[in-house]
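Trainee: Got a structure here, written out as structure tokens. Questions coming.
The values are calculated or read from the model by the stated rules, or taken from the named source; none is laboratory data. All values derive from a computational prediction rather than experimental measurement. Neighbour counts are summed over all protein chains in view; Cβ atoms, including those assigned to glycine, are modelled from backbone coordinates with ideal geometry.
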Amino acid sequence: MAIYFPNSEMGEVCGESWRITSTFQGDNNFIGANSMTNWEKSDDVYGGGNTNILTESNGQFTFGADYYGYYLVNHQIYNYLANNTSRWNEMLLYVSWNSGANWDQHSYATNYIYSNLSSASSAGGCASSVVAATAATRLRFGVQVEHNSTYTYGTTNEQMTGFSIAKISDI
């Protein structure tokens, strides 16, 4: 059923969630394009969505032809570090408008880990961005950390580091 607003119309509302499946240490500038970790669509009860908005290959996400429009992308990162401080830990959303030939940095999810040098500490961060999905739009994510002993947490059981995407308008 369409949602009608003055001077606009929107088709079916849809959304899904993706997460990394394993923990890695240090930078990972293109999550999923190496052997450090993989992506999966969340498969929890009511977790991932029953649509196939995106397909993923080697860490690059492509929109399905039935799902072009504007999307709100919310991404989050969870980091931990033992007995040290990492002043900046970032998860970046990169967007390509030309099938992956060029990439723009769209948004940063950031956090700061402070340790009193006697225990492990953790921190999380999140960010949002609006993306126009066309046949040429591609998404990818990267992680950069100040302290290379910083871990980015991932698991197949829950969404710790990953993203959710929801359609907000037709094009």
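Trainee: Has segment 127-138 got any residue that is crowded, with 17+ Cβ neighbours inside 10 Å and either closer than 23 Å to Asn34 by Cα or modelled with pLDDT under 95 (or both)?
Mentor: Yes, segment 127-138 contains a residue that is crowded, with 17+ Cβ neighbours inside 10 Å and either closer than 23 Å to Asn34 by Cα or modelled with pLDDT under 95 (or both).
Trainee: Among the residues of segment 152-164, what is the count of those that are within 11 Å of Ser17 (Cβ to Cβ) and either touching a Leu at 6+ places or on another chain (Cβ under 6 Å) or surrounded by fewer than 24 Cβ atoms within 10 Å (Cβ to Cβ) (or both)?
Mentor: The total comes to 3.
Trainee: Continuing with the same structure: Quick check on segment 1-38: of everything there that is within 22 Å of Thr134 (Cα to Cα) and modelled with pLDDT of 90 or more, which residue is nearest to the chain's Cα centre (by Cα)?
Mentor: My answer is Trp18.
Trainee: Same structure, new question: If you go through segment 45-52 one residue at a time, do you hit one that is closer than 28 Å to Ser122 by Cβ and touching a Leu at 6+ places or on another chain (Cβ under 6 Å)?
Mentor: No, segment 45-52 contains no residue that is closer than 28 Å to Ser122 by Cβ and touching a Leu at 6+ places or on another chain (Cβ under 6 Å).
Trainee: Hey, Ala82 hits all of (1) at pLDDT below 95; (2) under 19 Å from the mean Cα position of the chain (by Cα) but one; which does it fall short on?
Mentor: Only one criterion in (1) at pLDDT below 95; (2) under 19 Å from the mean Cα position of the chain (by Cα) is unmet by Ala82, namely (2).
Table: residues versus (1) among the aliphatic types (A, V, I, L, M); (2) farther than 21 Å from Trp18 by Cβ.
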site: Ala65; (1), (2): yes, no
site: Tyr78; (1), (2): no, no
site: Leu81; (1), (2): yes, yes
site: Trp103; (1), (2): no, no
site: Ala120; (1), (2): yes, yes
site: Ala135; (1), (2): yes, no
site: Gln144; (1), (2): no, no
site: His147; (1), (2): no, yes
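Trainee: Looking at (1) without any contact (Cβ under 8 Å) to a residue 40 or more places away in the chain; (2) over 18 Å from Ser42 (Cα atoms); (3) under 18 Å from the mean Cα position of the chain (by Cα), can you tell me which one Gly64 breaks?
Mentor: Just one mismatch for Gly64, condition (2).
Trainee: Of Ala127, Ala101, Ala135, which residue is assigned to a strand (DSSP E or B) and out of contact with any Pro (no Cβ under 8 Å at 6 or more places or on another chain)?
Mentor: Answer to the check: Ala127.
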